[in-house]
Amino acid sequence: MTKSIQSRARDAFALVLLVPLVLGGLGIWTARRYRENIELVSHTQTVLSAIDQVRLSTRAAESGQRGFLLTGENDFLKAYQAAAAEAPRDIQDLRLQTRDNPVQQRNVSRLAVLVDARLNKLKELVALWTPRQRGRNESELVLSSGRELMQQIQDLCTVMEKEENRLLANRLEAQRRTEREVALCFVLGLLANF
């Protein structure tokens, strides 16, 4: 009978030690998953921002070019040149941000071609501009075939944003699930102490 009590006492002691260890390990694992989910949500928001930045720099180049063609003022030309130089860097940043997503990598490659084509159209029109044209055919110069390219850029950016928003919804749900798991681990830890 003494061995039975000693055996039970040893088993109870082992259980008392094992429960906190298991709960601690589970807590660490859950906390790590929670941190990873937060990083994924943050990453998705960064990608959404990078998509928007490509759109903005391309539009800024278009706007600066249009202002230059209409007024001939160098401030507009400088704004166009700055934005036209920024757009390829924004594409490269987007490419880096989406390196973990093959679908988005294909989209970035298509977007790069479209942005490059749009910037080349803008550059061609700036190169054709002369002071004598001011006041005559501005609308003809400004309203060239660039509208279609900008619409394609806009459409592709929207497709990319939808993909990122889908990922964001999944990642936010995973984050909420992990938050519940962390809370459960905390409650189980409290209950184990009683």
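The values are calculated or read from the model by the stated rules, or taken from the named source; none is laboratory data. All values derive from a computational prediction rather than experimental measurement. Cβ placement follows ideal geometry from the backbone for every residue including glycine, while neighbour counts extend to all protein chains displayed. Heads up: the accessible areas ignore ligands, DNA and RNA and are worked out on the full protein's heavy atoms, side chains in. Shrake-Rupley method; radii C 1.70, N 1.55, O 1.52, S 1.80 Å.
Worth pointing out:
- Accessible area of the chain divided out per residue, in Å², using a probe of 1.4 angstrom: 63
- Of the residues 129, 22, 83, the one whose Cα sits farthest towards the positive end of the charge dipole of the chain is 22 (charges of +1 on Lys and Arg Cβ, -1 on Asp and Glu Cβ, taken about the Cα centre).
- For region 27-79, projected area of the alpha-carbon convex hull averaged over all directions, nm²: 4.1
- Here the extension length gained between residue 175 and residue 33 equals 50.3 nm, from 0.36 nm per residue of separation less the Cα-Cα distance.
- Reciprocal of mean inverse Cα separation for region 6-48 (Kirkwood radius, Å): 12.8
- For q = 0.12, 0.17, 0.19, 0.22 Å⁻¹, Debye-computed log10 I/I(0) when each Cα of region 20-139 counts as one equal scatterer: -0.58, -0.85, -0.95, -1.11
- Once you reduce region 158-194 and region 90-128 to the center of their Cα atoms, the two points are 34 Å from each other.
- Here the simple spin-label model places points 7 Å from the Cα toward Cβ, and for residue 147 and residue 42 these points are separated by 4.4 nm.
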